[in-house]
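Chemist: Have a look at this one.
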């Protein structure tokens with residue numbers, strides 16, 4: 001469902017509830033609350049980029065996101 005090449009802005013636009021969950025998981029995501037950062041970085045940065053820069057394990061991050069989406073959309 002979610003892959004490493006999804007753009008952060010696309011992910012958070014489609015699933016806005018993820019923002020708070022991702023911030024709670026890793027404070028690096030808090031920067032995306034700034035509208036300017038969201039429009040500039042989020043528009044181009046992919047999940048794999050954010051994972052790398054935040055120190056998150058990409059596979060675990062994707063699994064977390066997919067579980068949260070399933071839990072809220074089922």
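Chemist: Does the stretch 19-42 hold any residues that are crowded, with 16+ Cβ neighbours inside 10 Å and out of contact with any helix residue (DSSP H, G or I) (no Cβ under 6 Å at 6 or more places or on another chain), and which are they?
Modeler: Those that are crowded, with 16+ Cβ neighbours inside 10 Å and out of contact with any helix residue (DSSP H, G or I) (no Cβ under 6 Å at 6 or more places or on another chain): 25, 41.
Chemist: Against the conditions (1) surrounded by fewer than 15 Cβ atoms within 10 Å (Cβ to Cβ); (2) modelled with pLDDT of 90 or more, where does residue 69 fall short? Just the number, please.
Modeler: Condition not satisfied by residue 69: (1).
Chemist: For the stretch 43-52, which positions are surrounded by 14 or more Cβ atoms within 10 Å (Cβ to Cβ) and either in contact with a strand residue (DSSP E or B) (Cβ under 9 Å, 6 or more places away or on another chain) or in contact (Cβ under 8 Å) with a residue 60 or more places away in the chain (or both)?
Modeler: 45, 46, 47
Chemist: To continue, here is another question. Pairs please, first residue from the stretch 1-17 and farther than 12 Å from residue 65 by Cβ, second anywhere and part of a strand (DSSP E or B), Cβ atoms under 8 Å, 6+ apart in sequence or on different chains.
Modeler: Hits for this filter: 5/46; 7/46.
Chemist: Here's a check for you: in the stretch 53-66, which residue that is surrounded by fewer than 17 Cβ atoms within 10 Å (Cβ to Cβ), modelled with pLDDT of 90 or more and out of contact with any helix residue (DSSP H, G or I) (no Cβ under 6 Å at 6 or more places or on another chain) is nearest to residue 14 (Cα to Cα)?
Modeler: The qualifying residue nearest to residue 14 (Cα to Cα) is 66.
The values are calculated or read from the model by the stated rules, or taken from the named source; none is laboratory data. Small disclaimer: the values here were computed from a predicted structure and weren't measured. We place every Cβ from the backbone using ideal geometry, glycine too, and count neighbours over all the protein chains shown.
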